[in-house]
Amino acid sequence: MNDDGGHARRPMPPEASGSRWSQLRPNLLSGFWVFLIALPLCLAIAKASQFPPIAGIWTAVIGGIITTFISNSELTIKGPAAGLIVIVAGAVGSLGHEFVPELTKSELAAMQAEGLSPEQISAQVEQRQKQQLSEGYRLALGVGVAAGLIQVGFGLLKAGRLANFFPLTAVHGMLASIGIIIISKQVYAVFGLDAPKNAKPLELLAGLPAALSGLNPAITLIGVASLVILFGMPLLPFRWMRRIPAQLVVLLVTIPLAALLDLGHDHQYQLGATSADGTGQYQVGPRFLVSIPPVLKNPAEAFAFPDFRGLTSRTGWLYVMMFSVIATLESALSAKAIELIDPWRRKTDHNREILACGIANTLCALVGALPMISEIVRSKANVDTGATNRLSNLVHGVLLLTFVLLAPNLIQRIPLAALGAMLVYTGFRLAHPREFLSTWRVGADQLAVFVTTIVATLATDLLLGIAIGMALKLVLHVWYAGTLQGMFRHDVEIAESPDGSAVVRVHGPAVFSNWLGLEKVLSSFEPSQQITLDLQDAHLIDHSTMQRLVELETESAAAGRVFQIRGLDSHRAASAHPAATRHLPRAPWAGRTR
């Protein structure tokens, strides 16, 4: 252990001592562990996204095999992510309803007039809902193709830097709100319940206590056991036990439990007189298990093809925008996070990363799979299990392909309640209480942006939610600075010395909305130059900029470059946090010293 994030520093990256394939052994092991984690998560994310469960596996297979040869991100794992569930499920539902309307009251009245029984009418309604999901799925694939091509365009146009335009607190707020949305929907599956359709996340959470009166005890046993394992294993006192993927333990426990409860066959069981109808009779069967087609026997059922009619509607293009922007943003943030824990501090070409994801996402949508990103949880597990390069991503994709081809029957024994529990756990990690606490430690201003983004997202949608969070952050900047001037353009003065060192003096605000310009200036110098960033006349430095400057300082020190920051002694900080917002006590319009 050392100061480099807990990983031993090594003088040369592993590929410098030989070919990439010479590092196969450690990457085989890491790829195997990531495969064990990815298998249930791919199924769970696909199911929650209103896609067939096998679609999630195809995503990881394509992400593992295709992107390995395009991206230069050495340790990131590509696959479906919980952060995209809300967008994908929203696209399926919205486009399905738009192109396959609900049965109208007049249609239902006509059925009654024809003498159809309530059961027959209910069956018609259920059939229409299935048609909506089926059509919505294919329409979402058409949207996915367009979004993937836009991502390819982002990569070719070298738009990777644009990810840095979004303020960090608003992005974290968006991710936390996604976690709450996931929990609100998947907690019902843990208890064997169907979540109310078209209900908002807060409505789902508020309605849960009343819905629990109708829980299915057998399914609840599986779901609660899964939650105990997922939340309990990180608390175990033995480190070697904590290294075992909790998702794997969940499968090892719940698959035999589901077999013991005979979920593979439709039947009723008696348990007192506590069911919703008071009879004590409960129904279980295959509907509580994962269902995937046997690929080798029925390959046509394992894939689906896009319907591009969604691109003729405003709703379709709204989701194209959300797919392309959010997926690009999440991939860039994940790749950046993995850079910081890479033992060799290798840099990712974010334009190549976006290009790789765009190509793979286009292919995914063409065959019926979910969109992908560089997924942070599996990538972190990849680092922790000793991966040295991107071969581990390839190995995990090949293992998933092999498993789904040769052992589909085992996948179909996995209980949906266990998958629901995994997603509840994932959602909890996204919206963990410590996220609120750590944001508060950065400053009350950041907590306000964080909470506002969450509330706005829950009340509206992802794009509008993050836009409202960014708008509040800009309002706070104007409050601190006393003026809107300079918020969208950088104002710097560069002084170079004969010895090759340079001083970059910033005038006016240095905030998220003008960071790209400042970043371009700082990256224009030679790696060997000594750079000093003088912030004495920067009357406002926001949290996003401070965080990126702290990271730049750390990266420069690790690479042996000299980059230092000065001129902050006169600034007031929103908190003691090193990345807290800082501003000068004097009014900016009182004049500045150049």
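The values are calculated or read from the model by the stated rules, or taken from the named source; none is laboratory data. From a predicted model like this one, the values you see are computed outputs, not experimental measurements. Note: ideal-geometry Cβ built from the backbone for every residue, glycine included; neighbour counts use all protein chains shown.
Remarks
- Of all residues in region 523-571, those satisfying the criterion of being farther than 22 Å from Ser438 by Cα, in contact with a Leu (Cβ under 9 Å, 6 or more places away or on another chain) and part of a strand (DSSP E or B) are Ile531, Leu533, Phe563, Gln564, Ile565, Arg566.
- Counting the residues of region 485-522 that are in a loop (DSSP other than H, G, I, E, B), within 33 Å of the chain's Cα centre (by Cα) and surrounded by fewer than 16 Cβ atoms within 10 Å (Cβ to Cβ) gives 2.
- Output for region 457-485, where each listed residue is touching a residue at least 24 places away in the same chain (Cβ under 8 Å) and of a type in the set (Ser, Thr, Tyr): Thr457, Tyr480, Thr483
- For region 310-326, filtered to residues that are among the polar types (S, T, N, Q) and in contact (Cβ under 8 Å) with a residue 60 or more places away in the chain, the residue that is surrounded by the fewest Cβ atoms within 10 Å (Cβ to Cβ) is Ser313.
- Among residues of region 184-213, those that are closer than 26 Å to Trp440 by Cα and surrounded by fewer than 21 Cβ atoms within 10 Å (Cβ to Cβ), counted: 3
- Filtered by the rule that a residue be surrounded by fewer than 14 Cβ atoms within 10 Å (Cβ to Cβ), more than 27 Å from the chain's Cα centre (by Cα) and among the aliphatic types (A, V, I, L, M), region 239-270 gives Ala259, Leu260.
- Restricting Thr254, Thr220 to residues that are modelled with pLDDT of 95 or more and in contact with a strand residue (DSSP E or B) (Cβ under 7 Å, 6 or more places away or on another chain) narrows the list to Thr254.
- Single condition Ala225 does not satisfy, out of (1) buried (at least 23 other Cβ atoms within 10 Å of the Cβ); (2) within 17 Å of Pro40 (Cβ to Cβ): (1)
- Once region 411-450 is narrowed to residues that are part of a helix (DSSP H, G or I) and among the basic types (Lys, Arg), the residue that is surrounded by the fewest Cβ atoms within 10 Å (Cβ to Cβ) is Arg434.
- Residue among Gly63, Gly56, Gly6, Gly18 that alone is farther than 29 Å from Lys197 by Cα and modelled with pLDDT of 95 or more: Gly63
- First in region 93-113 and assigned by TED's automatic domain parsing to the domain that holds Ser134 and farther than 30 Å from Pro306 by Cα, second anywhere and among the hydrophobic types (A, V, I, L, M, F, W, C) and not in a helix (DSSP H, G or I), Cβ under 9 Å, 6 or more apart: Met111/Leu103
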